[in-house]
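The block underneath contains the structure these notes are about, expressed in structure tokens.
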Amino acid sequence: MIDVTEKIPEKVILADPRLRQMIDPILEQNKDLPGATMVVLNEIQRTVGFVSTPIQEYVANRLGVPVSVVHGVVSFYSFFTTKPRGKHTVKFCLGTACYVGGTPQLIEKAKQIIGIEPGETTPDGNITLELCRCVGACSQAPVIVIDEEIHGRVRPNKFPQIVRPILETKKE
Ligand code: FES
């Protein structure tokens, strides 16, 4: 629940000048548009690749909205990330059909062969694992999404074969 009485943060400064160089023009171009918060955050996610907590505070300050409003948008839409994503993303659907159909077992398998948990990125920056809501392919449950491509009826014993192409790009 958003607290509309929350104060707008004062004078938030982004320490990294490269980030400011990317974000300031986005704020300048969009700050007066209706729905500026969503537009600005979208553009930052696209350009910078993530919307960290300091960036959220900076945007809130510059747009004159409470941090909770910005945080609410970032945490609601799975499109946003607070940390940089890896080169490839593997998403596990947590919708009911997929969950019941075996998503937890797929996540276990992923942990074994990729070595990370959902929400993490491999140390070489190659793969990020994420959880997502229903992607509308429930009849093919359980579903995983690799770089926007949906794979249905994935069984744990088939998982290594499905992710092999993105594991192999590591060696490029
Ligand atoms: S529940 Fe996974 S696609 Fe709908």
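Numerical summary
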quantity: Qualifying residue in the stretch 116-135 (condition: more than 13 Å from the chain's Cα centre (by Cα) and under 27 Å from G35 (Cα atoms)); calculated: yes
quantity: Checklist (1) part of a helix (DSSP H, G or I); (2) away from the ligand (no atom under 16 Å from the Cβ); (3) of a type in the set (V, I, T); (4) touching a residue at least 40 places away in the same chain (Cβ under 8 Å) applied to V70, failing item; calculated: (4)
quantity: The stretch 119-136 - residue that is of a type in the set (V, I, T) and away from the ligand (no atom under 16 Å from the Cβ) and, of those, surrounded by the fewest Cβ atoms within 10 Å (Cβ to Cβ); calculated: T122
quantity: Test: residue in the stretch 50-65 that is within 16 Å of the ligand (Cβ to nearest atom) and either within 28 Å of I166 (Cα to Cα) or touching a residue at least 24 places away in the same chain (Cβ under 8 Å) (or both); calculated: no
quantity: Set F159, F80, F92: member being in a loop (DSSP other than H, G, I, E, B), touching a residue at least 12 places away in the same chain (Cβ under 8 Å) and either within 16 Å of the ligand (Cβ to nearest atom) or surrounded by fewer than 17 Cβ atoms within 10 Å (Cβ to Cβ) (or both); calculated: F80
quantity: Breaking point among (1) closer than 21 Å to D147 by Cα; (2) at pLDDT 90 or above; (3) under 13 Å from the mean Cα position of the chain (by Cα), for P84; calculated: (2)
quantity: Test: residue in the stretch 95-109 that is charged (D, E, K, R) and more than 9 Å from the ligand (Cβ to nearest atom); calculated: yes
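Rundown of residues vs (1) part of a helix (DSSP H, G or I); (2) surrounded by fewer than 18 Cβ atoms within 10 Å (Cβ to Cβ), yes/no style:
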{"position": "V65", "(1), (2)": "no, no"}
{"position": "V100", "(1), (2)": "yes, yes"}
{"position": "E108", "(1), (2)": "yes, yes"}
{"position": "E117", "(1), (2)": "no, yes"}
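The values are calculated or read from the model by the stated rules, or taken from the named source; none is laboratory data. Small disclaimer: the values here were computed from a predicted structure and weren't measured. When we count neighbours, we look across all protein chains shown, and the Cβ atoms used for this are built from the backbone with ideal geometry, even at glycine.
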